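Down below is the structure, laid out as structure tokens.
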Amino acid sequence: MSTPHTASGLHGNEIRKLQDQARSVRTLIIDTISRAGCGHTGGSLSAVEILVALYFRAMRIDPRKPDRPDRDRLILSKGHASAGYYCTLARRGYFPEAKLAEFDAMDSMLQGHPCMRTTPGVDMTTGSLGQGLSVGIGMALGRDRRRMDFRVYVLMGDGELQEGQVWEAAMYAGAHKLTGLVGIVDYNKVQLAATVAETLDLEPLADKWEAFGWSVLECDGHDMAQVVAALERAKGISGPVVVLAHTVKGKGVSFMEGRHQWHGRAPDEQEKRRALAEIDGRPDQARTHEP
């Protein structure tokens, strides 16, 4: 059975600070994608608490030295959710937030999918789904050969788990008991054109990972205390660990939540104003702008 986690060991004030960061990141995502007129809104919003917990709490990093050899690594295997990734990196100080205005523009350092050659803080170029976990294993093997101790985190989408390469990689990591490798599934249960269950059901998902030799932790992916607790617990487990973070596609914006139509759509100006009002906790203004 997978293990749920509900306590993080953080004081309430620390959790509130992380929640405030998450709210700021959501605001930036809506603004960034709306300005660009393109981007993956739903999956960026669903991963916010995961990304904030990683970059503001769990990971050993230094934005002033993004290439330091002993840093923890993150692979955004669901590379289409780059807007959420970039907004988190900007908030963490890897580059100025003003750079977000260049998202997905020609010759911008913030391309539609992450590029390790152009963007500070990006550890792996991603985009083709299903490949991130294999790369994470390569990083972990290289780390062990060099006798280093950094952790490798791989953030995957749930629809992505329908790719066979994911399970080849999972089998390898489990068989070799790779420690310091943490997979995270943004389990929002909605993919490009339908729900995950309608397309190719993943359940029983926890049992599948356990059968491949992974320790499984589950949490509410929007409860910051639970996310932090799961990531902290993962650090003390021998062998590969996967965190199944149960999330909501388009989280924080009522007319986007749980809808596959917002997988890769940008909000127009009216939708942007309504979304920002909801994220900022101004429901009356949000209703004023309701289409």
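The values are calculated or read from the model by the stated rules, or taken from the named source; none is laboratory data. This is a predicted model, so every value here is computed, not measured. Reconstructed Cβ throughout: ideal geometry from the backbone, glycine too, with neighbour counts over all protein chains shown.
Taken together, the residues in the range 217-244 that are assigned to a loop (DSSP other than H, G, I, E, B) and of a type outside the set (G, A, S) amount to 4.
Among the candidates A98, A36, the residue that is at pLDDT 95 or above, crowded, with 16+ Cβ neighbours inside 10 Å and of a type in the set (G, A, S) is uniquely A36. For D31, state whether it is farther than 23 Å from Q270 by Cα and of a type in the set (D, E). No: the conditions fail for D31. When C87 is tested against the conditions (1) in contact (Cβ under 8 Å) with a residue 12 or more places away in the chain; (2) in a loop (DSSP other than H, G, I, E, B), the lone failure is (2).
Conditions tested, residue by residue: (1) under 19 Å from the mean Cα position of the chain (by Cα); (2) of a type outside the set (A, V, I, L, M, F, W, C).
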{"site": "L10", "(1), (2)": "no, no"}
{"site": "N13", "(1), (2)": "no, yes"}
{"site": "S34", "(1), (2)": "no, yes"}
{"site": "G43", "(1), (2)": "yes, yes"}
{"site": "V52", "(1), (2)": "yes, no"}
{"site": "D72", "(1), (2)": "yes, yes"}
{"site": "Y86", "(1), (2)": "yes, yes"}
{"site": "Y94", "(1), (2)": "yes, yes"}
{"site": "K99", "(1), (2)": "no, yes"}
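Residues in the range 218-241 that are over 19 Å from N13 (Cα atoms) and either at pLDDT below 95 or of a type in the set (V, I, T) (or both): I237, V241. Check the range 125-142 and report whether any residue there is at pLDDT 95 or above, of a type in the set (S, T, N, Q) and surrounded by 22 or more Cβ atoms within 10 Å (Cβ to Cβ). Yes, the range 125-142 contains at least one residue that is at pLDDT 95 or above, of a type in the set (S, T, N, Q) and surrounded by 22 or more Cβ atoms within 10 Å (Cβ to Cβ).
Quickly run through the range 21-71 and pick out the residues that are in a loop (DSSP other than H, G, I, E, B) and more than 26 Å from G159 (Cβ to Cβ). Break it down into steps so the answer makes sense when it comes.
Within the range 21-71, the first condition is being in a loop (DSSP other than H, G, I, E, B), and the residues that meet it are 37-40, 47, 59-71.
The answer is R60, I61, D62, P63, R64, K65, P66, D67, R68, P69, D70, R71.
Tally time: how many residues in the range 66-98 are among the charged types (D, E, K, R) and in contact with a Phe, Trp or Tyr (Cβ under 7 Å, 6 or more places away or on another chain)?
5
One residue stands out in the range 245-286 among those that are of a type in the set (A, V, I, L, M) and not in a helix (DSSP H, G or I): the one that is nearest to the chain's Cα centre (by Cα), namely A245.
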